[in-house]
Amino acid sequence: MWNLFRAEWTKTYKRPANIGLFLVTLGIILLGFLGMVGISLYEGMDSQFAEQIRQLTLFPTSLQVPLIVLSQLGSILAIVFMSNSIGAEYTNDTWKVLLPRRARRSDFIIIKVVICLLFMTLLIAISLIFAALLGVLVNLIVGGDISNLEQFSASELFKSLVPIFMQLIVFSSITLLVTMASRSTIMGIVFGIVGNTIFSVAASLSKLAAKILPNLHISNLEANWLYDGEQKTEVIKRIDMAFGTPISLTTSLIVVGAYIFGSIIIGLVLFQRRDMAGQ
(Lines give C-alpha, C1' and ligand atoms only; values in the text may rest on other atoms or scores of the structure.)
Protein backbone atom coordinates (compact mmCIF):
# COMPACT_ATOMS: atom_id res chain seq x y z
CA MET A 1 0.00 0.00 0.00
CA TRP A 2 2.95 2.34 0.62
CA ASN A 3 3.92 2.25 -3.07
CA LEU A 4 0.32 3.02 -3.98
CA PHE A 5 0.33 5.93 -1.54
CA ARG A 6 3.52 7.40 -3.05
CA ALA A 7 2.17 7.01 -6.58
CA GLU A 8 -1.11 8.68 -5.66
CA TRP A 9 0.62 11.54 -3.86
CA THR A 10 2.85 12.13 -6.90
CA LYS A 11 -0.23 12.37 -9.13
CA THR A 12 -1.91 14.64 -6.60
CA TYR A 13 0.70 17.38 -6.36
CA LYS A 14 1.30 17.31 -10.13
CA ARG A 15 -2.40 17.55 -11.05
CA PRO A 16 -3.15 21.05 -12.45
CA ALA A 17 -6.55 21.23 -10.75
CA ASN A 18 -4.95 20.77 -7.33
CA ILE A 19 -2.35 23.43 -8.04
CA GLY A 20 -5.27 25.65 -9.02
CA LEU A 21 -6.97 25.02 -5.67
CA PHE A 22 -3.85 26.22 -3.87
CA LEU A 23 -3.50 29.31 -6.06
CA VAL A 24 -7.17 30.29 -5.82
CA THR A 25 -7.28 29.88 -2.03
CA LEU A 26 -4.06 31.79 -1.42
CA GLY A 27 -5.06 34.38 -4.02
CA ILE A 28 -8.33 35.14 -2.23
CA ILE A 29 -6.48 35.51 1.07
CA LEU A 30 -3.94 37.81 -0.59
CA LEU A 31 -6.69 39.95 -2.11
CA GLY A 32 -8.30 40.28 1.31
CA PHE A 33 -5.12 41.65 2.87
CA LEU A 34 -4.38 43.88 -0.13
CA GLY A 35 -7.88 45.29 0.13
CA MET A 36 -7.37 46.12 3.79
CA VAL A 37 -4.07 47.87 3.04
CA GLY A 38 -5.57 49.81 0.15
CA ILE A 39 -8.53 51.07 2.17
CA SER A 40 -6.25 51.96 5.08
CA LEU A 41 -4.04 54.05 2.81
CA TYR A 42 -7.10 55.69 1.28
CA GLU A 43 -8.73 56.48 4.63
CA GLY A 44 -5.46 57.59 6.20
CA MET A 45 -3.20 55.92 8.74
CA ASP A 46 -4.75 57.88 11.59
CA SER A 47 -8.30 56.86 10.72
CA GLN A 48 -10.45 54.54 12.81
CA PHE A 49 -10.53 52.05 9.94
CA ALA A 50 -6.73 51.85 9.85
CA GLU A 51 -6.72 51.12 13.57
CA GLN A 52 -9.25 48.32 13.03
CA ILE A 53 -7.03 46.89 10.30
CA ARG A 54 -4.05 46.94 12.66
CA GLN A 55 -6.04 44.90 15.15
CA LEU A 56 -7.37 42.51 12.51
CA THR A 57 -3.95 41.81 11.01
CA LEU A 58 -2.29 41.38 14.40
CA PHE A 59 -1.26 37.75 14.97
CA PRO A 60 -3.15 35.57 15.90
CA THR A 61 -6.21 37.62 14.86
CA SER A 62 -4.91 37.57 11.28
CA LEU A 63 -5.65 33.84 11.17
CA GLN A 64 -9.36 34.68 11.08
CA VAL A 65 -9.02 35.70 7.42
CA PRO A 66 -7.98 32.26 6.10
CA LEU A 67 -10.43 30.57 8.47
CA ILE A 68 -13.29 32.59 6.96
CA VAL A 69 -12.11 31.87 3.42
CA LEU A 70 -11.71 28.15 4.10
CA SER A 71 -15.09 27.90 5.83
CA GLN A 72 -16.75 29.43 2.75
CA LEU A 73 -14.76 27.41 0.22
CA GLY A 74 -14.45 24.16 2.18
CA SER A 75 -17.14 22.16 0.42
CA ILE A 76 -16.10 23.43 -3.04
CA LEU A 77 -12.44 22.57 -2.41
CA ALA A 78 -13.39 19.04 -1.37
CA ILE A 79 -15.73 18.57 -4.33
CA VAL A 80 -13.23 19.73 -6.95
CA PHE A 81 -10.35 17.76 -5.43
CA MET A 82 -12.17 14.44 -5.07
CA SER A 83 -13.97 14.59 -8.41
CA ASN A 84 -10.64 15.18 -10.18
CA SER A 85 -8.91 12.51 -8.12
CA ILE A 86 -11.48 9.85 -9.01
CA GLY A 87 -12.43 11.11 -12.46
CA ALA A 88 -8.83 11.23 -13.68
CA GLU A 89 -8.61 7.46 -13.29
CA TYR A 90 -11.47 7.04 -15.77
CA THR A 91 -10.09 9.60 -18.19
CA ASN A 92 -6.60 8.08 -18.30
CA ASP A 93 -7.65 4.45 -17.74
CA THR A 94 -5.03 4.37 -14.97
CA TRP A 95 -6.76 1.80 -12.84
CA LYS A 96 -7.31 -0.54 -15.78
CA VAL A 97 -3.55 -1.14 -15.66
CA LEU A 98 -3.17 -1.07 -11.88
CA LEU A 99 -6.12 -3.23 -10.87
CA PRO A 100 -4.74 -6.60 -12.04
CA ARG A 101 -1.65 -6.00 -9.89
CA ARG A 102 -3.68 -5.48 -6.70
CA ALA A 103 -5.68 -8.10 -4.84
CA ARG A 104 -7.64 -5.53 -2.84
CA ARG A 105 -9.50 -2.90 -4.78
CA SER A 106 -10.45 -1.20 -1.53
CA ASP A 107 -6.82 -0.04 -1.21
CA PHE A 108 -7.41 2.43 -4.02
CA ILE A 109 -10.42 4.04 -2.37
CA ILE A 110 -8.80 4.17 1.06
CA ILE A 111 -5.70 5.82 -0.40
CA LYS A 112 -7.87 8.36 -2.24
CA VAL A 113 -9.56 9.38 1.02
CA VAL A 114 -6.26 9.53 2.94
CA ILE A 115 -4.59 11.62 0.24
CA CYS A 116 -7.57 13.98 0.19
CA LEU A 117 -7.29 14.56 3.95
CA LEU A 118 -3.52 15.02 3.68
CA PHE A 119 -3.83 17.49 0.81
CA MET A 120 -6.52 19.51 2.57
CA THR A 121 -4.52 19.55 5.81
CA LEU A 122 -1.51 20.86 3.89
CA LEU A 123 -3.67 23.48 2.16
CA ILE A 124 -5.08 24.68 5.49
CA ALA A 125 -1.63 24.81 7.13
CA ILE A 126 -0.10 26.77 4.25
CA SER A 127 -3.09 29.15 4.22
CA LEU A 128 -2.65 29.88 7.93
CA ILE A 129 1.10 30.44 7.58
CA PHE A 130 0.57 32.60 4.49
CA ALA A 131 -2.00 34.75 6.32
CA ALA A 132 0.26 35.13 9.35
CA LEU A 133 3.11 36.37 7.13
CA LEU A 134 0.78 38.72 5.27
CA GLY A 135 -0.44 40.07 8.60
CA VAL A 136 3.13 40.91 9.57
CA LEU A 137 3.72 42.70 6.26
CA VAL A 138 0.46 44.63 6.52
CA ASN A 139 1.30 45.82 10.03
CA LEU A 140 4.73 46.94 8.86
CA ILE A 141 2.96 49.04 6.23
CA VAL A 142 0.17 50.49 8.39
CA GLY A 143 2.42 50.90 11.42
CA GLY A 144 1.09 48.47 14.00
CA ASP A 145 2.40 45.76 16.29
CA ILE A 146 3.28 42.46 14.66
CA SER A 147 1.77 40.05 17.16
CA ASN A 148 0.12 39.53 20.50
CA LEU A 149 1.07 35.98 21.43
CA GLU A 150 -0.88 36.18 24.69
CA GLN A 151 -4.07 35.92 22.64
CA PHE A 152 -2.97 32.78 20.82
CA SER A 153 -4.69 29.57 21.86
CA ALA A 154 -3.96 26.29 20.10
CA SER A 155 -7.19 24.80 21.44
CA GLU A 156 -9.28 27.67 20.03
CA LEU A 157 -7.55 27.34 16.67
CA PHE A 158 -8.27 23.61 16.67
CA LYS A 159 -11.93 24.26 17.52
CA SER A 160 -12.14 26.62 14.55
CA LEU A 161 -10.61 24.03 12.22
CA VAL A 162 -12.91 21.16 13.21
CA PRO A 163 -15.99 22.45 11.29
CA ILE A 164 -13.85 23.11 8.22
CA PHE A 165 -12.54 19.56 8.26
CA MET A 166 -16.11 18.36 8.81
CA GLN A 167 -17.21 20.09 5.60
CA LEU A 168 -14.23 18.72 3.71
CA ILE A 169 -14.81 15.14 4.83
CA VAL A 170 -18.59 15.14 4.28
CA PHE A 171 -18.58 16.60 0.78
CA SER A 172 -15.46 14.78 -0.40
CA SER A 173 -17.12 11.49 0.63
CA ILE A 174 -20.34 12.32 -1.20
CA THR A 175 -18.39 13.46 -4.27
CA LEU A 176 -16.34 10.26 -4.22
CA LEU A 177 -19.53 8.22 -4.47
CA VAL A 178 -21.14 10.40 -7.15
CA THR A 179 -18.02 10.48 -9.32
CA MET A 180 -17.62 6.72 -9.09
CA ALA A 181 -21.28 6.12 -9.92
CA SER A 182 -21.24 8.52 -12.89
CA ARG A 183 -17.65 7.79 -14.01
CA SER A 184 -17.31 11.49 -14.77
CA THR A 185 -15.23 14.30 -13.27
CA ILE A 186 -17.63 16.93 -14.60
CA MET A 187 -20.65 15.16 -13.16
CA GLY A 188 -18.93 14.89 -9.80
CA ILE A 189 -18.18 18.62 -9.73
CA VAL A 190 -21.59 19.70 -11.05
CA PHE A 191 -23.54 17.43 -8.72
CA GLY A 192 -21.36 18.39 -5.79
CA ILE A 193 -21.74 22.15 -6.22
CA VAL A 194 -25.37 22.13 -7.38
CA GLY A 195 -26.28 19.44 -4.87
CA ASN A 196 -24.76 21.41 -2.02
CA THR A 197 -26.82 24.45 -3.04
CA ILE A 198 -29.98 22.35 -3.34
CA PHE A 199 -29.28 20.77 0.05
CA SER A 200 -29.00 24.22 1.64
CA VAL A 201 -32.19 25.53 0.00
CA ALA A 202 -34.15 22.37 0.79
CA ALA A 203 -33.02 22.43 4.42
CA SER A 204 -34.22 26.03 4.75
CA LEU A 205 -37.62 25.26 3.20
CA SER A 206 -38.44 21.89 4.72
CA LYS A 207 -38.00 20.76 8.31
CA LEU A 208 -37.92 17.14 7.15
CA ALA A 209 -35.15 17.90 4.66
CA ALA A 210 -33.27 19.79 7.38
CA LYS A 211 -33.30 16.66 9.55
CA ILE A 212 -32.18 14.37 6.73
CA LEU A 213 -29.58 16.46 4.89
CA PRO A 214 -26.14 17.15 6.42
CA ASN A 215 -25.95 20.96 6.14
CA LEU A 216 -27.83 22.01 9.28
CA HIS A 217 -26.36 19.13 11.24
CA ILE A 218 -22.89 20.47 10.43
CA SER A 219 -24.08 23.90 11.58
CA ASN A 220 -25.38 22.31 14.78
CA LEU A 221 -21.99 20.75 15.44
CA GLU A 222 -20.29 24.08 14.76
CA ALA A 223 -22.60 25.86 17.20
CA ASN A 224 -21.89 23.36 19.96
CA TRP A 225 -18.12 23.37 19.40
CA LEU A 226 -17.34 26.98 18.52
CA TYR A 227 -19.62 29.16 20.59
CA ASP A 228 -20.12 29.78 24.29
CA GLY A 229 -22.62 31.54 26.52
CA GLU A 230 -25.39 33.66 25.04
CA GLN A 231 -23.98 33.46 21.52
CA LYS A 232 -24.17 29.66 21.61
CA THR A 233 -27.72 29.80 22.95
CA GLU A 234 -28.86 32.17 20.19
CA VAL A 235 -27.23 30.19 17.38
CA ILE A 236 -28.62 26.86 18.61
CA LYS A 237 -32.06 28.46 19.00
CA ARG A 238 -32.04 29.50 15.33
CA ILE A 239 -30.88 26.05 14.26
CA ASP A 240 -33.59 24.36 16.35
CA MET A 241 -36.19 26.59 14.68
CA ALA A 242 -34.95 25.42 11.27
CA PHE A 243 -35.15 21.80 12.43
CA GLY A 244 -38.56 22.36 13.99
CA THR A 245 -37.41 20.64 17.16
CA PRO A 246 -34.26 20.57 19.31
CA ILE A 247 -31.62 18.26 17.82
CA SER A 248 -28.93 16.86 20.09
CA LEU A 249 -25.22 16.90 19.35
CA THR A 250 -25.24 13.09 19.25
CA THR A 251 -27.97 13.03 16.60
CA SER A 252 -26.07 15.45 14.38
CA LEU A 253 -22.89 13.39 14.79
CA ILE A 254 -24.78 10.26 13.74
CA VAL A 255 -26.27 11.94 10.66
CA VAL A 256 -22.96 13.47 9.55
CA GLY A 257 -21.14 10.20 10.24
CA ALA A 258 -23.73 8.32 8.19
CA TYR A 259 -23.05 10.53 5.18
CA ILE A 260 -19.29 10.12 5.53
CA PHE A 261 -19.05 6.39 6.18
CA GLY A 262 -22.14 5.54 4.13
CA SER A 263 -20.74 7.21 1.02
CA ILE A 264 -17.33 5.58 1.42
CA ILE A 265 -18.78 2.12 2.12
CA ILE A 266 -21.18 2.29 -0.83
CA GLY A 267 -18.27 3.49 -2.97
CA LEU A 268 -16.18 0.51 -1.85
CA VAL A 269 -19.01 -1.92 -2.61
CA LEU A 270 -19.58 -0.31 -6.00
CA PHE A 271 -15.89 -0.49 -6.83
CA GLN A 272 -15.66 -4.13 -5.77
CA ARG A 273 -18.34 -5.02 -8.33
CA ARG A 274 -16.84 -3.25 -11.32
CA ASP A 275 -13.50 -1.76 -12.36
CA MET A 276 -12.79 1.90 -12.79
CA ALA A 277 -12.45 1.59 -16.56
CA GLY A 278 -16.20 1.12 -16.72
CA GLN A 279 -16.15 -2.49 -17.91
> When the residues of segment 10-55 are filtered to those that are at pLDDT 85 or above and of a type in the set (Phe, Trp, Tyr), which remaining residue is farthest from Ser127 (Cα to Cα)?
Replying inline: Phe33
>> Looking at the structure I just gave you, is Leu270 exposed (fewer than 15 other Cβ atoms within 10 Å of the Cβ), touching a Leu at 6+ places or on another chain (Cβ under 9 Å), touching a residue at least 24 places away in the same chain (Cβ under 8 Å) and hydrophobic (A, V, I, L, M, F, W, C)?
In response: yes
> Would you call Ile186 in contact with a helix residue (DSSP H, G or I) (Cβ under 9 Å, 6 or more places away or on another chain) and in contact (Cβ under 8 Å) with a residue 40 or more places away in the chain?
Replying inline: yes
>> Return the pair list, or none, for Cβ contacts closer than 6 Å from residues in segment 196-214 that are closer than 14 Å to Ile174 by Cβ to residues that are not in a helix (DSSP H, G or I), at least 6 apart or on different chains.
In response: Phe199/Leu213
> Taking segment 20-52, which residues are without any contact (Cβ under 8 Å) to a residue 60 or more places away in the chain and touching a Phe, Trp or Tyr at 6+ places or on another chain (Cβ under 8 Å)?
Replying inline: Ile39, Glu43
>> Return the residues of segment 10-52 that are of a type in the set (A, V, I, L, M, F, W, C) and within 23 Å of Leu161 (Cα to Cα); say none if nothing qualifies.
In response: Ile19, Leu21, Phe22, Leu23, Val24, Leu26, Ile28, Ile29, Leu30, Leu31, Phe33
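The values are calculated or read from the model by the stated rules, or taken from the named source; none is laboratory data. Everything quoted here is computed from the prediction, not taken from an experiment. Neighbour counts run over all protein chains shown; Cβ positions are idealised from the backbone, glycine included.
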